[in-house]
Amino acid sequence: MINLFEVVETNEMITKENLDVRTITLGISLLDCIDSDLNRLNEKIYNKIYNAAKDLVNTGEEISREFGIPIVNKRISVTPIALIGGAACKTTEDFASIAKTLDRVAHEVGVNFIGGYSALVSKGMTPADELLIRSIPLALSNTERVCSSVNLGSTKTGINMDAVRLMGEIVKKTAEYTKEQDSLGCAKLVVFCNAPDDNPFMAGAFHGVTEADKIINVGVSGPGVVKTALSKVRGENFEVLCETIKKTAFKVTRVGQLVAQEASARLGVPFGIVDLSLAPTPAIGDSVADILCEIGLEYAGAPGTTAALALLNDQVKKGGVMASSYVGGLSGAFIPVSEDQGMIDAVEAGALTLEKLEAMTCVCSVGLDMIAIPGDTKDTTISGIIADEMAIGMVNQKTTAVRIIPVIGKGVGETVEFGGLLGYAPIMPVNQFSCDAFVNRGGRIPAPIHSFKN
Amino acid sequence: MNKTIITVVGKDTVGIIAKVCTYLAENKINILDISQTIVQGYFNMMMIVDTNHMEKHFGEMADELHVLGEEIGVDIKCQKEEIFDKMHRI
């Protein structure tokens, strides 16, 4: 039987170390909503999502209450809208009307984000894909809760550089369309290489076409728990360090598995995956950067950071895999800047640069995330940053992403406040040398060779 | 059996267990196990209870125990057993 010590340990994780389940995300296929009439399409989308998700928030809160574990977000992901809207949408405004519908139903069922305003263009763009991408600035400026993502490349297909060039423009345009809110639109827009179909985390969640009609995916969190566990083994060798992370990740992930199974049973929706993630928030003590410091770095970004992050990421997966029956999504440590107080401190201290962040993305989950850059950064420079990150994902057979925010009207030295879970960020300098000729070539970068690996 | 773990943490005072147990008895909640320690004047108790015959909803019980805790000056939490079981047992 459970003993007092174990109960106290779990409850201290929850109350003192910010252990929570970051999100229950309900994936919903919209393939059966496709219609050539735009009004009918919007109506079908609203009805399908409403009926599938009307009990999601209540169920999440009920589970949270019964187990005494906070479930921070309840969210929805849908089939990439470029596929759903292709038959009905002839203009960018048509596509943006679907975003409006998604936003309306998100408000109605009470979820804080809905993801899937997306296009998958890793090899080429259909006219519908291109139209959806061009509608992103309008869609994100006219909605509050809609998140957008575009998959620009994969290990199997290479990188669609036409789409990379276009996304440089779109990121900038989205920033301009939402400049009254410090370019907040860009915080809801992410580009991927090797995007997973079952990611529960925003802004990149969408419900892939390989998925069932409905599915429950859960993302866990718990950087504070790992940090506290590591503070008890200061000075010990790497074996002890790695074992401690692994055991802690196991415990954290078990909670995610429990919540996922409960949500699945209560909603009558199959359980998809648990995302083995260390997802920080701006709250003190809920930081991945703090774990890196606990491992032995003065600040995140100091020499040794990439190695420390690599071991952290790997041990989190090793511990988490055994704790869950199915794992998937992005799985790994997230390193967003604005959402992690330790990262913000590192940038402000001059320890962490964009280039070091890029190196860190080679060994951890996702990529350049929630990074504020000067609003006058050129479109092609943004495309260049995206291309670099896509190349890392393509060659290393991993998911990489870029979510950067060119803050219109602000420059290096200033800060930007997004609020809530999105946090605040100092604006980081960007390499000023041009990549215009590279980005403007057009076409695709071929897929890398899958043998002769060195 | 629906097992729930009730934890009571706070400054030690007369009658904490009595008050909690009275509430449980009134609501047909059976106590299976109690462990308790006092560390530096702080009362720390865990009860494993069976809520099968309880007529109230889980949430209602949790709220009422929380209020009772506030009256005594301690923090009372109710959680289903599975969260501890999942985390600490393979």
Among the strands (runs of 3 or more DSSP E) lying completely within segment A:98-160, list those that include at least 3 residues that are on the phi < 0 side of the Ramachandran plot.
A:113-120, A:146-154
Looking for whichever is buried (at least 24 other Cβ atoms within 10 Å of the Cβ) and within 21 Å of A:CYS186 (Cα to Cα) here; the options are A:ILE45, A:ILE84, A:ILE49, A:ILE114. Which one fits?
A:ILE114
Flagged in segment A:371-390 as out of contact with any Ser or Thr (no Cβ under 8 Å at 6 or more places or on another chain) and either assigned by TED's automatic domain parsing to the domain that holds A:GLU176 or more than 19 Å from A:ALA195 (Cβ to Cβ) (or both), in numbering order, are A:ILE373, A:PRO374, A:ASP376, A:THR377, A:ASP379, A:GLY384
Testing A:GLU169 on (1) crowded, with 20+ Cβ neighbours inside 10 Å; (2) within 18 Å of A:SER118 (Cα to Cα), one condition comes back false. Which one is that?
(1)
Those residues that are aromatic (Phe, Trp, Tyr) and away from chain A (no Cβ under 14 Å), I need them from segment B:3-58; list them, please.
B:TYR23
Within segment A:15-65, considering residues that are within 14 Å of chain B (Cβ to nearest Cβ) and farther than 30 Å from A:ILE291 by Cα, the one farthest from the chain's Cα centre (by Cα)
A:GLU62
For segment A:178-281, which fully contained strands (runs of 3 or more DSSP E) count at least 3 residues that are buried (at least 19 other Cβ atoms within 10 Å of the Cβ) and of a type in the set (Gly, Ala, Ser)?
none
Here is a list: A:PRO406, A:PRO374. Which entry is touching a Pro at 6+ places or on another chain (Cβ under 9 Å), surrounded by fewer than 22 Cβ atoms within 10 Å (Cβ to Cβ) and closer than 27 Å to A:GLY442 by Cα?
A:PRO374
Among the residues of segment A:50-96, which ones are within 24 Å of A:VAL21 (Cβ to Cβ) and small (Gly, Ala, Ser)?
A:ALA52, A:ALA53, A:GLY60, A:SER64, A:GLY68, A:SER77
Exclusive hit being of a type in the set (D, E, K, R) and crowded, with 23+ Cβ neighbours inside 10 Å, set A:GLU358, A:GLU298, A:GLU339, A:GLU348:
A:GLU339
State whether the residues of segment A:150-160 include one that is in contact (Cβ under 8 Å) with a residue 40 or more places away in the chain and in contact with an Asp or Glu (Cβ under 6 Å, 6 or more places away or on another chain).
no
Which strands (runs of 3 or more DSSP E) does chain B wholly contain that include 2 or more residues that are modelled with pLDDT of 90 or more and within 30 Å of A:GLY320 (Cβ to Cβ)?
B:3-11, B:42-50, B:74-80
Which listed residue is within 17 Å of the chain's Cα centre (by Cα) and on the phi > 0 side of the Ramachandran plot, from A:GLY442, A:GLY393, A:GLY423:
A:GLY423
Among the residues in segment A:218-236, are any assigned by TED's automatic domain parsing to the domain that holds A:ALA279 and among the acidic types (Asp, Glu)?
yes
So which pairs qualify, if the first residue must be in segment B:70-90 and over 20 Å from B:LEU24 (Cβ atoms) and facing chain A (nearest Cβ under 8 Å), the second must be buried (at least 16 other Cβ atoms within 10 Å of the Cβ) and among the hydroxyl-bearing types (Ser, Thr, Tyr), the Cβ gap must be under 6 Å, and the two must be at least 6 apart or on different chains?
B:MET87/A:THR10
Output the residues belonging to segment A:301-313 that are in contact with a Ser or Thr (Cβ under 9 Å, 6 or more places away or on another chain) and over 15 Å from A:LEU241 (Cβ atoms).
A:GLY301
Restrict the check to segment A:428-443 and report whether at least one residue is surrounded by 17 or more Cβ atoms within 10 Å (Cβ to Cβ) and closer than 29 Å to A:LEU292 by Cα.
yes
If you check A:ASN11 against the conditions, is it in a helix (DSSP H, G or I) and either surrounded by fewer than 17 Cβ atoms within 10 Å (Cβ to Cβ) or within 22 Å of the chain's Cα centre (by Cα) (or both)?
no
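The values are calculated or read from the model by the stated rules, or taken from the named source; none is laboratory data. Computed from a prediction, not measured in an experiment: that's the story for all the values here. All Cβ positions, glycine included, derive from the backbone under ideal geometry; neighbour counts span all protein chains shown.
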